[in-house]
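Colleague: The structure follows.
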Amino acid sequence: MKIKLKVNGENKVFDVKADEYLLDTLRKNNYVSVRRGCDNTSCGVCTVLINGNPAASCSYLSCKADGKEITTVEGIPEEAAKIAGFFGREGADQCGFCNPSMALTVYAMKKELVNPTDDDIRSYLVGNLCRCSGYQGQHRAIKAYLEVE
Amino acid sequence: MMKYVNYERPSIDGKGLMMGKPGYTDDLAEQNSLIVKVLRSPHAFARIKSIDKSKAEALEGVELVLTHEDFKRIPVTRAGQGYPEPSPHDKFVLDNYVRHVGDEVAAVAARDKETAEKALELLVVDYEVLEPVLDFEKAYENEVIIHDEPEIHEMFPIGFEPKKNVAASYLMHIGDVEKSLKECDTVTETTFYTQAQAHVMMEPHTVNARIDYQGRLVLYSSTQTPFHTRRIVAQALEYPMSKIRVIKPRVGGGFGGKQCVHGEMLVSAVTLRTGKPSKMVYTRQEVFESTFSRHPMRFDIKLGAMKDGTLKAIDVEVLSDTGAYGEHALTVFMVAGSKVFPLYNKVDSVRFGGKVVYTNRTPAGAFRGYGAIQGNYALESAVDILCDKLKVDPVEFRQKNMIREGETSPIFEIMGEGTEGIAMTMETCKLDYCVKRGMELIDWKNKYPRKDMGNGKVRGVGMAIAMQGSGIPYIDMGSALIKLNDDGFFNLLVGATDIGQGSDTILAQIAAESLRVHPDEIVVYSSDSDLTPFDVGAYASSTTYVSGNAVKRAADRMKQMIIEEGALALKVPVEGTDFDGMTISHGDKSISLKDLSNRLYYNEDQKQLVAVDSYVGTKSPPPFMAGFAEVEVDTETGHVELIDYAAVVDCGTTISPNLAKGQVEGGLVQGIGMTLYEDVVYSKTGKMITNSMMTYRIPTRKEIRSLKVEFADSYETSGPYGAKSVGEIGIDSPPAAITNAIFNAVGVRIKSLPVTGEKILTGIQKSRQKGEKQ
């Protein structure tokens with residue numbers, strides 16, 4: 001079936017199967033920053049923004065996304081570069097595989113939460129697993145980006 | 001004065017990767033790659049009587065079906081180690097036996113994933129299901145023999161006895177342990193168990209293959225060991241190494257889990273037979289069930305000491321479970337001794353020995369810590385048990401007995417990795433500082449041993465010391481090539497394998513320091529078996545020390561070349577000519593690097609400047625650390641929360657302090673995960689239950705509240721600009737430090753990992769009942 005998506009501000013039409021997930025549709029169409037870490041919504045690596053809200057594309061049916069706005073990290077280059085700057089300063093980049101999804105989720109959190117506490121930040125990002133950093137460098141970087149103490 | 005070392009600078013690749021630039025193996029697969037899928041064994045142990053592939057082959061879109069009948073029987077090891085490997089050659093690309101749930105039965109290559117999956121369903125396999133060996137304590141001399149095939153062999157003596165289910169065995173002793181133990185005032189004897197742990201790197205194992213326009217096989221592989229991968233694929237498929245190119249693009253984490261070959265042999269076979277590009281991306285279930293995990297171990301440990309708190313004897317017998325195949329069996333086992341017991345170097349005697357047995361479980365392999373985390377848990381728990389018995393302070397006991405700067409341990413000479421070791425003296429060992437500073441960071445004086453919070457919760461603190469190594473001396477080789485370009489910038493080509501730890505960044509810093517040029521002037525490329533010089537890869541905490549030394553040597557050589565060419569251009573003697581990173585000068589004569597480079601490539605005395613050098617360690621200076629944990633135990637539920645963890649590390653100079661900190665923090669959280677949350681659980685028939693990220697729990701950011709990581713001021717002269725390695729040390733201390741803290745809080749000694757509320761509550765109830773009886 002054909003679905004219409006607005007990906008990073010561009011109108012697109014994709015031919016998808018009924019049981020196809022958004023992650024596969026996006027990767028097939030060269031949005032390779034969206035990556036697979038698991039198969040069951042456990043790791044957060046495949047996160048994209050759907051109408052501005054973070055969602056796991058590995059378990060989001062492509063047909064369900066018909067008519068929606070999808071943002072991958074390529075759609076927020078300025079914010080991603082800014083977040084990368086803070087991550088870099090803390091040595092929190094590490095393997096980088098999940099970092100596009102981190103950037104998207106942190107960006108969405110900034111819009112959603114006002115003056116979040118440490119616990120608010122941890123709760124918001126709890127679905128974004130990281131096996132490299134031990135989370136500490138990320139946490140320092142995110143706080144610096146959000147300009148919170 | 002160091003300019004670009006011990007210098008805060010973002011990693012060179014972090015921004016591009018965060019912005020979504022393609023860089024990982026699957027981002028670089030050919031668009032029309034055949035999808036390779038593997039049929040995996042549902043049985044823990046079975047013989048394949050027959051495979052009918054006719055229906056699968058007939059399915060439209062299926063290009064190739066491979067079974068064991070399609071391969072010559074060539075045993076290899078999948079362990080990415082130096083050659084000849086200290087691991088038994090006990091694995092075939094495909095075999096007529098399957099030895100664990102998830103083992104390979106057959107492979108299908110099809111035009112898309114759906115067709116490949118459909119074809120797997122059409123394969124008809126007739127199994128003779130065999131009785132598996134699932135309990136590693138019953139594996140030795142079991143009547144069931146897991147590896148009975150005649151072709152398998154060891155490459156040199158490692159105690160390989162497959163008929164007894166033994167992949168490797170080892171025994172060493174220093175002094176007369178039996179005699180020393182008899183002479184001791186106090187002897188403790190304890191058995192500890194450590195569990196399997198899954199790596200859970202975020203990028204699953206991924207590989208793709210193609211034939212290039214010269215007819216060569218090109219693999220992109222998410223590997224820690226591109227050069228070993230080229231060698232093993234060539235051996236397994238009897239294909240000339242000269243016709244294989246292995247490119248390691250950006251890797252999404254490894255932690256030892258990619259120090260091996262997994263899908264590489266099958267995609268190579270598919271592409272060589274079909275001539276078409278192919279790729280394999282492991283599902284998360286395959287990563288759990290069909291790659292490697294950490295070796296579970298049992299330690300029977302005796303410590304003997306005098307009343308005054310002098311440790312006299314260490315006697316350890318270890319049983320290690322390598323699962324279905326023997327990758328890293330001997331070496332992980334040996335590191336459980338060689339990178340643990342030198343911590344207490346003043347003892348009269350040490351005995352360390354035991355076996356690594358086969359079972360029908362997912363194979364064990366390399367994993368950060370590589371035996372040291374298991375051994376450290378046993379030793380550092382046993383030390384606290386001994387201190388409790390002796391009524392001595394555990395910190396003072398360690399300060400009295402631990403290794404110090406300028407000292408050595410006879411273990412270094414006796415135990416290497418699979419072979420004999422190398423005698424070495426600790427040129428740097430700031431353990432004393434690490435312990436003192438760690439006490440301050442955790443507020444030991446006010447918190448030891450416990451504080452009742454008054455709400456059924458008790459807080460306790462505990463500590464452990466740890467060590468690791470910096471590469472494998474006389475075996476691990478790293479090399480680097482530096483090329484000067486016109487306009488005066490450099491290429492640094494290294495075989496060293498950046499898998500996310502930031503080695504490209506720190507190796508550029510080392511080169512920049514030697515050349516005195518800004519790191520931005522150094523373009524790093526790693527690693528590609530056609531283009532970059534040899535390096536064993538990212539393992540054994542070798543990159544900073546071994547590859548870093550190679551880079552320093554090559555950069556020093558390049559600096560000398562620049563000076564010589566500058567002197568020629570200036571028509572002055574080499575002596576007295578200097579290069580400051582920008583300008584080559586002699587007295588009042590000078591030429592900029594840019595002008596010299598353009599002269600060299602376009603105008604006069606034309607030649608390409610290339611410097612290449614290598615490094616093999618003559619020793620393996622250990623990084624050291626002290627770890628301090630504060631826990632809160634709920635005495636009603638047994639639940640444990642980690643309140644704080646302080647780690648003070650001596651890894652020599654930190655080339656990049658922020659990246660070094662990231663290594664320690666990341667290691668700590670993996671160690672905390674192994675202590676408190678992670679366990680690989682099997683069903684009674686040997687099926688892994690924890691085969692997804694929902695059932696296998698790694699720490700989330702909610703569990704990790706506070707980590708305090710600091711570095712000791714230390715300078716190892718044998719390392720590049722004073723550095724030792726730092727990749728593994730962070731993982732070693734949490735199991736012992738946290739379980740010691742739990743004991744100090746509630747008096748319950750955890751003797752098997754992971755810690756669970758049930759174990760604690762049972763312990764609390766037992767001690768209460770004991771109290772009531774008295």
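The values are calculated or read from the model by the stated rules, or taken from the named source; none is laboratory data. Since the model is a prediction, treat every value here as computed from it, not as a measurement. Positions of Cβ are backbone-derived with ideal geometry, glycine not excepted, and every protein chain shown enters the neighbour counts. The protein model used for the area step is the full one, side chains on, heavy atoms only, and it has no ligands, DNA or RNA in it. Shrake-Rupley method; radii C 1.70, N 1.55, O 1.52, S 1.80 Å.
Colleague: What's the center-to-center distance, using Cα atoms, between region B:1-64 and region B:111-159 in Å?
Modeller: So the separation of the two Cα centres works out to 23 Å.
Colleague: Now for a different question. Within 10 Å, Cβ to Cβ, of residue B:627, how many net charges do the neighbouring residues add up to if Lys/Arg are +1 and Asp/Glu are -1?
Modeller: Overall, the nearby charge balance is -2.
Colleague: Throw me the Rg/Rh for region B:266-389, computed over C-alpha atoms with Kirkwood Rh, two decimals.
Modeller: 1.19
Colleague: Here's another thing I want to ask about it. Can you work out the accessible area per residue across region A:2-74, with the rest of the protein chains kept in place, probe 1.4 Å, in square angstrom?
Modeller: On a per-residue basis, region A:2-74 sits at 43 Å².
Colleague: Within region B:734-755, find all residues whose amide N lies under 19 Å from a label point positioned 7 Å from the Cα of residue B:137 along Cα-to-beta-carbon.
Modeller: Hits in region B:734-755 for residue B:137 at 19 Å: B:749-755.
Colleague: Hey, could you pull the Cα Rg and Dmax for chain A, both in Å?
Modeller: Computed over the Cα atoms of chain A, radius of gyration and Dmax are 15.2, 49 Å.
Colleague: In straight Cα distance, which lysines are under 21 Å from residue B:15, not counting same-chain residues fewer than 8 positions off?
Modeller: Within the straight-line cut-off, residue B:15 pairs with A:82, A:110, A:143, B:248, B:661.
Colleague: Using the alpha-carbon centroid of each, what span in Å lies between region B:670-745 and region B:422-458?
Modeller: Here the two parts' Cα centres lie 17 Å apart.
Colleague: Given region A:2-74 reduced to its alpha-carbon atoms as identical point scatterers, what log10 I(q)/I(0) does the Debye formula return at q = 0.17 Å⁻¹?
Modeller: So the normalised log intensities work out to -0.52.
Colleague: Then there's this: Given R₀ = 25 Å, what would the calculated FRET efficiency be for residue B:766 paired with residue B:190, taking r from the Cβ atoms and rounding to 0.05?
Modeller: 0.95
Colleague: Suppose every K and R has +1 on its Cβ and every D and E has -1 on its Cβ; what is the size of the dipole of the protein assembly as shown about the Cα centre, in Debye to the nearest 20? If you can, show how the numbers build up before the last one.
Modeller: On the way: 108 positive and 124 negative charges, 245 e Å.
Around 1180 debye, computed over the protein assembly as shown.
Colleague: So which aspartates and glutamates can residue B:687 reach, going by Cα to Cα under 15 Å and dropping same-chain residues fewer than 8 places off?
Modeller: Straight-line reach from residue B:687, under 15 Å: B:103, B:104, B:131, B:135, B:286, B:289, B:679.
Colleague: So, counting K/R as plus one and D/E as minus one, what does the shell of residues with Cβ under 13 Å around residue B:349 add up to?
Modeller: For residues surrounding residue B:349, the net value is +1.
Colleague: For the pairs A:6/A:28; B:55/B:279; B:346/B:430, flag any whose C-alpha to C-alpha distance is greater than 21 Å.
Modeller: B:55/B:279
Colleague: Okay, moving on. Go ahead and estimate [θ] at 222 nm for chain B from helices alone: -39,500 (n - 2.57) per DSSP H run with n ≥ 4, summed, over the residue count, rounded to 500.
Modeller: Counting only the DSSP helices, I get -8000 deg cm²/dmol.
Colleague: Still on this structure, I have one more. Give the A-B buried accessible area in Å², both sides summed, 1.4 Å probe, nearest 100.
Modeller: Counting both chains, the buried surface is close to 4200 Å².
Colleague: Run the dipole for region A:2-149 about the Cα centre, Lys and Arg Cβ at +1, Asp and Glu Cβ at -1, nothing else charged, and hand back the magnitude in debye, nearest 20.
Modeller: 340
Colleague: Would you report the distance distribution of C-alpha pairs in region B:477-616 as whole percents per 5 angstrom bin, up to the bin with the largest distance?
Modeller: Per 5 Å bin, starting at 0, the Cα pair percentages come out as 2, 12, 21, 22, 16, 12, 8, 5, 2, 0.
Colleague: Are there GluC sites (Glu not before Pro) in region B:161-248 that DSSP marks as loop and that have at most 10 other Cβ atoms within 10 Å, and which are they?
Modeller: Values: sites: B:178, B:183, B:189, B:238; in loops: B:238.
Listed in order of number, the matching sites are B:238.
Colleague: Where only protein heavy atoms count, and the probe is 1.4 Å, what is the accessible area per residue for region B:154-284 in Å²? All intermediate terms of the calculation are to be shown ahead of the outcome.
Modeller: Values: 4220 Å² over 131 residues.
So region B:154-284 comes to 32 Å² accessible per residue, rounded to a whole number.
Colleague: Explain nothing, just the number: relative contact order of chain B, from Cα pairs under 8 Å at least 6 residues apart, as a whole percent.
Modeller: Here the relative contact order equals 15 percent.
Colleague: Once amide H atoms are placed 1.01 Å from N in the peptide plane, what residues at a sequence separation of 5 or more from residue B:415, or on another chain, have their amide H within under 5 Å of its amide H?
Modeller: B:421
Colleague: Would you give the gap between the C-alpha center of region A:11-42 and the C-alpha center of region B:84-98, rounded to a whole Å?
Modeller: First find each Cα centre; the distance between them is then 37 Å.
Colleague: Report the net charge of residues surrounding residue A:16, where surrounding means a beta-carbon distance below 10 angstrom and charges are Lys +1, Arg +1, Asp -1, Glu -1.
Modeller: Combined, the nearby Lys, Arg, Asp and Glu give -2.
Colleague: Round to a whole number: what % of the accessible area of chain A belongs to carbon and sulfur, probe 1.4 Å?
Modeller: The C+S portion of the solvent-accessible surface of chain A is 47 percent.
Colleague: Can you give the FRET efficiency for residue B:603 and residue B:578, using 1/(1 + (r/R0)^6), R0 = 30 Å, r = Cβ-Cβ distance, to the nearest 0.05?
Modeller: 0.85
Colleague: Please state the relative contact order of region A:76-146 as a whole percent: Cα pairs under 8 Å, 6+ residues apart?
Modeller: 54
Colleague: Could you size up the charge dipole of region B:55-182 around its Cα centre, putting +1 on the beta carbon of Lys and Arg and -1 on that of Asp and Glu, and report it in debye to the nearest 20? Please report the intermediate quantities before stating the final value.
Modeller: On the way: 14 positive and 28 negative charges, 104 e Å.
The calculated dipole for region B:55-182 is roughly 500 debye.
Colleague: With N set to the residue count of the protein assembly as shown, report its C-alpha Rg divided by 2.2 N^0.38 Å to two decimal places.
Modeller: Dividing the Cα radius of gyration by 2.2 N^0.38 Å gives 0.94.
Colleague: Output wanted: per-residue J couplings in Hz (rounded whole) for region B:585-600, from phi through Karplus 6.51 cos²θ - 1.76 cosθ + 1.60, θ = phi - 60°, x for Gly and Pro.
Modeller: For region B:585-600, the Karplus-derived couplings read 9, 8, x, 8, 8, 7, 9, 6, 4, 4, 5, 4, 4, 5, 5, 5 Hz, x marking Gly and Pro.
Colleague: Also: Expected output is a single nm value to one decimal: the length gained when fully extending between residue B:389 and residue B:317, i.e. 0.36 nm times separation in residues minus the C-alpha distance. What is it?
Modeller: Numbers: separation 72, 0.36 × 72 = 25.92 nm, distance 2.17 nm.
Once the chain is fully extended between residue B:389 and residue B:317, it gains 23.8 nm.
Colleague: Taking θ = phi - 60°, what integer Hz values does the Karplus form 6.51 cos²θ - 1.76 cosθ + 1.60 yield along region B:174-180, in sequence order, with x for Gly and Pro?
Modeller: Calculated HN-Hα couplings, in order: 10, x, 10, 5, 4, 5, 4 Hz.
Colleague: For residue B:83 and residue B:452 in one chain, what is 0.36 nm times their gap in residues minus the Cα-Cα distance, to one decimal in nm?
Modeller: Working it through step by step, the gained length comes to 127.3 nm.
Colleague: For region B:477-616, what is the accessible area per residue in Å² when the probe is 1.4 Å?
Modeller: I get 36 Å² per residue for region B:477-616.
Colleague: Once you have the Cα-Cα distance between residue A:64 and residue A:6, take 0.36 nm times their residue separation minus that, and quote the gain in nm to one decimal.
Modeller: 19.5 nm
Colleague: Right, another one. Leaving out ligands, DNA and RNA, and with a 1.4 Å probe, what % of the accessible surface on chain B is carbon or sulfur? Don't skip to the end; give the middle numbers.
Modeller: Working: 13060 of 26540 Å².
Of the solvent-accessible surface of chain B, carbon and sulfur hold 49 percent.
Colleague: Search the structure for amide H atoms under 5 Å from the amide H of residue B:155, placed 1.01 Å from N in the peptide plane, and list their residues when 5 or more places away or on another chain.
Modeller: Amide H neighbours of residue B:155: B:89.
Colleague: What FRET efficiency comes out for the pair residue B:685/residue B:749, r = Cβ-Cβ distance, R0 = 35 Å, nearest 0.05?
Modeller: Efficiency, rounded to the nearest 0.05: 0.60.
Colleague: Using a ≥ b ≥ c from the Cα gyration tensor of chain B (square roots of the eigenvalues), is it rounded, prolate or oblate, where a/c under 1.5 gives rounded and otherwise the larger of a/b and b/c decides, a/b for prolate?
Modeller: oblate
Colleague: What lysines sit close enough to residue B:589 to cross-link, taking a C-alpha to C-alpha distance under 26 Å and skipping anything fewer than 8 places away on the same chain?
Modeller: By straight Cα distance, residue B:589 reaches B:3, B:483, B:559, B:571, B:607.
Colleague: Taking a virtual spin label 7 Å from the Cα of residue B:307 along the C-beta vector, which residues in region B:382-408 bring their backbone nitrogen under 17 Å of it?
Modeller: Zone members listed by number: B:387-393.
Colleague: Name the residues of region A:12-40 whose accessible area falls by at least 30 Å² when all protein chains are present instead of the chain alone, probe 1.4 Å?
Modeller: Residues shielded by partner chains are A:17, A:27, A:32, A:35, A:36, A:37, A:39, A:40.
Colleague: Choose one of A:95, B:519, B:717: the residue whose Cα lies farthest towards the positive end of the charge dipole of the protein assembly as shown (beta-carbon charges +1 Lys, Arg; -1 Asp, Glu; about the Cα centre).
Modeller: A:95
Colleague: A further question on this structure: Along region B:699-706, what does the Karplus equation 6.51 cos²θ - 1.76 cosθ + 1.60 (θ = phi - 60°) give for ³J(HN,Hα), rounded to whole Hz, x for Gly and Pro?
Modeller: Running phi through 6.51 cos²θ - 1.76 cosθ + 1.60 with θ = phi - 60° gives x, 9, 6, 6, 7, 9, 7, 9 Hz.
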